[in-house]
Amino acid sequence: MADDKPGLPPAVTVADMVPPEPPHHGAMARLRNYFLTGLILVGPIYITINLTWWFVNWVDDAMRPFIPVGLRAETYLPFKVPGYGVVIALFALTLLGFLTANLVGRTLVDFSENLLNRMPIVRPIYKTMKQIFETLFSKSGPGFGKVALAEFPTGMWSVVFLASTPSTEIAQRLPGKDYVSCFLPCTPNPTTGFFFYAPRSQVIELDITVEQAMTLIMSAGMAQPNGDAQKKLASLVENGRVARPISAPASAPPPPAASAGSGG
């Protein structure tokens with residue numbers, strides 16, 4: 001005679017206790033990821049094209065008054081040719097640089113500079129602009145060659161660009177020795193900022209390029225210099241998480257089946 005004791009209920013695992021995830025949640029998450037991926041792809045391209053188009057139109061408009069009517073493209077075509085002024089500007093600047101390389105051109109340049117240096121208001125503006133352009137575009141100029149961290153203001157560290165050492169007149173009046181010129185750009189407009197002298201021993205040089213530092217500053221820290229490595233690592237982790245099957249915890253072994261006993 002079989003035992004009348006009811007059988008034990010089947011073992012319940014932890015996975016059975018977790019409510020199933022709504023199917024629409026996964027679909028919405030995928031759509032959001034697709035949208036963000038498309039935005040990241042199209043956004044920089046759109047902004048780059050618009051900035052390039054604005055620059056080309058700006059140069060074309062600036063060069064149009066200097067181009068004779070007979071040499072303008074719109075004189076012979078029913079529409080304007082984008083970039084025509086840019087080509088003329090590049091050709092004119094290259095030709096001007098070639099002409100100033102000889103003795104006659106150098107004499108004309110010296111005469112023009114002497115004339116500008118005699119003007120009270122124009123002289124400081126011209127000298128400042130000339131020095132800035134020579135520093136930026138000269139291959140032998142000091143420029144911003146290194147990136148460093150400087151404690152400015154006190155208790156906080158800022159990304160700065162290191163330039164040349166101070167002149168002899170300034171270095172003689174600074175306390176101590178071995179100072180370096182520091183430029184602290186502002187975010188998100190790096191053309192403005194603070195300039196100061198700091199002891200070289202109190203700045204920490206970084207092993208990143210000036211372009212990477214500019215990206216870091218303009219993005220307010222969102223685009224780190226090693227952002228590509230971080231993205232690759234995050235992608236590997238995410239792929240591994242998705243590829244790994246979700247295994248349910250090991251359930252307890254089922255109890256032994258009730259044996260059939262003989263009647264007493």
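Every number in this text was worked out from the coordinates using simple rules, so none of it is lab data. This is a predicted model, so every value here is computed, not measured. Glycine also receives a Cβ, built like all others from the backbone with ideal geometry; neighbour counts cover every protein chain displayed.
Taking segment 118-133 as the range and being loosely packed, with under 12 Cβ neighbours inside 10 Å and part of a helix (DSSP H, G or I) as the test, the residues that pass are Pro124, Ile125, Thr128, Met129, Gln131, Ile132, Phe133. Checked against (1) surrounded by 13 or more Cβ atoms within 10 Å (Cβ to Cβ); (2) of a type in the set (Ser, Thr, Tyr); (3) farther than 21 Å from Phe55 by Cβ, Tyr84 passes all but a single condition, namely (3).
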